[in-house]
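The values are calculated or read from the model by the stated rules, or taken from the named source; none is laboratory data. Not measured: the values here are computed from a predicted model. Cβ sites come from the backbone with ideal geometry, for glycine too, and all protein chains shown count toward neighbours. All accessible areas refer to the heavy atoms of the entire protein, side chains included, with ligands and DNA or RNA removed. Shrake-Rupley method; radii C 1.70, N 1.55, O 1.52, S 1.80 Å.
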Amino acid sequence: MKPSELIWMNGEFVAWADAKVHVLTHGLHYGTGVFEGIRCYDTEIGPAVFRHREHLTRLGRSAELYYMPMPYDVETLRTATLKLIGRCGLKSCYIRPIMYRGYGQMGLNPLEAPVDVSIAAWEWGAYLGDEGKQNGIRAKISSWRRISPGSLIPASKASGQYLNSVLAKIESTKAGYEEAILLDDHGNVCEGSSENVFIVWEGRIVTPPPAASILDGISRKSAIQIAKDLGFEVIERNIARTELYMADEVYMTGTAAELVPVREIDDHTIGEGVPGEVTRAVQSAFDDALHGRSERYREWLDPVPVRAGAKAA
Ligand SMILES: Cc1ncc(COP(=O)(O)O)c(C=O)c1O
C-alpha cells in the first residue's frame, strides 16, 4: 500500500502515520464496524468519485442494520472525502470510509460504545491485476459458504462479516487461484469474496438476486444498467454451480476489481477460455463510465472540486 499524506478521523485531518486507534477499540475485538470501498478516477473532468452518494448511503444503511448511529451525515462525509482527495493531491485512488464502535466499552453490547469514523484514500491499482482484467482470471468454488441471512446480514458491509470472505480468499490463494466464488446456504451461486458474479448463457446475462445473500454491489447495479442500455437481457435468478461451469461467459464486478472476466472455474474452461463478446462489450462500456468517457453516465461521477486541493482547514 502506498501511503498518502492525510487521513480524515472524526472530523479532522491527521497525518497518515498518526491515524491510530486504541487497542481496546470495540470494533477490533468484535468486528463492530461498517465500511465502504469507493474509487476515484482521473477523468476528463478531473478526479471524480464513482457513485459517491450511493456508496455513502449504503454505509449509513449498513450501520443502521447494526444499530450504529451515524455521527456524520452523507453530505458531511462526502465533502470530507472530496477535501481529503484534494489535500492529498490524489488523482485516482481507492477510498475507504469506516465507521466503528470505538474505545470505552468492552463486552458484547456495543450500544454505549462511541462510534468513530475515518476516511482513508490511497493509490491502488486493479485488485485482481491488469492481466486479469485483460485476459480473465481463474476462480475456485470455495468450500466456505457465504454467510447465511439467518446468522448475519449479507446486505450490510460490516467488518466482522468479512472473516467469511477472508477464509474463502485464503483458501483460493493457497490453491493457486486468483479469486473465490462462494455458494449460498442452499448451494446456489452467491458471489466472489468481494465481487458479484454474472454468467452469459445463450446471449442472456444472468446474475443472482439480492435474496441470494449477496451484497447488492454498486458496480453490479451499474453493470446491469449498462448491459440493458446495450440491449442485453439481464435476468436476476438463482444460478446452480454447474451453470457456472457450462456458461458461455462469466464475469465479476466490484469496486476494487472493477469488471473482470473469468476464464476458468475449478479447472473448467469457460467458453473459449478468453473473455467473450458480451463480457467485452459490457466491460468496455463500464470502463468508459468509470473513467468519465461516457456522457450517458456522467451523473454517476462526483468531481473533486479544484478548491478541495487548497491547503485550508
Ligand atoms: C462481499 C462483496 N460482494 C460484492 C461486492 C461488490 O460491491 P461493489 O460493487 O459495491 O463494490 C463487494 C465489494 O464491495 C463485496 O465485498
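Got a number for residues in the range 182-200 being under 15 Å from MET252 (Cα atoms) and either more than 11 Å from the ligand (Cβ to nearest atom) or at pLDDT below 95 (or both)? Matching residues across the range 182-200 total 5. Pairs are defined by a Cβ separation below 8 Å, a sequence spacing of at least 6 or placement on different chains, a first member in the range 62-78 that is farther than 17 Å from ALA158 by Cα, and a second member that is of a type in the set (Lys, Arg); the pairs so defined are VAL74/ARG53; ARG78/ARG53. Checked against (1) closer than 28 Å to GLU258 by Cα; (2) open to solvent by less than 20 Å² (accessible area, probe 1.4 Å), TRP16 meets all criteria but (2). Of all the numbered requirements in (1) touching a residue at least 24 places away in the same chain (Cβ under 8 Å); (2) over 18 Å from the mean Cα position of the chain (by Cα), GLN161 misses one, and that requirement is (2). Identify the single condition in (1) open to solvent by 40 Å² or more (accessible area, probe 1.4 Å); (2) of a type in the set (S, T, N, Q); (3) under 17 Å from the mean Cα position of the chain (by Cα) that THR269 does not satisfy, given that it satisfies every other one. Of the numbered conditions (1) open to solvent by 40 Å² or more (accessible area, probe 1.4 Å); (2) of a type in the set (S, T, N, Q); (3) under 17 Å from the mean Cα position of the chain (by Cα), the odd one out for THR269 is (3). Applying the set (1) surrounded by fewer than 23 Cβ atoms within 10 Å (Cβ to Cβ); (2) in contact (Cβ under 8 Å) with a residue 60 or more places away in the chain to VAL282 leaves exactly one unmet item: (1). Are any of the residues in the range 152-161 assigned to a strand (DSSP E or B) and either open to solvent by 50 Å² or more (accessible area, probe 1.4 Å) or near the ligand (Cβ under 9 Å from one of its atoms) (or both)? Checking the range 152-161: not a single residue is assigned to a strand (DSSP E or B) and either open to solvent by 50 Å² or more (accessible area, probe 1.4 Å) or near the ligand (Cβ under 9 Å from one of its atoms) (or both).
Considering only residues that are of a type in the set (Ser, Thr, Tyr) and near the ligand (Cβ under 10 Å from one of its atoms), look in the range 162-180 and name the one that is most open to solvent (accessible area, probe 1.4 Å). It comes out as TYR162. Considering (1) over 28 Å from HIS291 (Cα atoms); (2) in contact (Cβ under 8 Å) with a residue 24 or more places away in the chain, the lone condition that LEU215 does not fulfil carries the number (1).
Among the residues of the range 234-245, those that are within 24 Å of the chain's Cα centre (by Cα) and either farther than 29 Å from ARG51 by Cα or of a type outside the set (Val, Ile, Thr) (or both) comprise GLU236, ARG237, ASN238, ALA240, ARG241, LEU244. Among the residues making up the range 169-188, those that are assigned to a strand (DSSP E or B) and closer than 20 Å to GLU131 by Cα are GLU179, ALA180, ILE181.
When the residues of the range 106-141 are filtered to those that are part of a loop (DSSP other than H, G, I, E, B) and under 19 Å from the mean Cα position of the chain (by Cα), which remaining residue is nearest to ARG263 (Cα to Cα)? Ranking the candidates gives GLY136 first.
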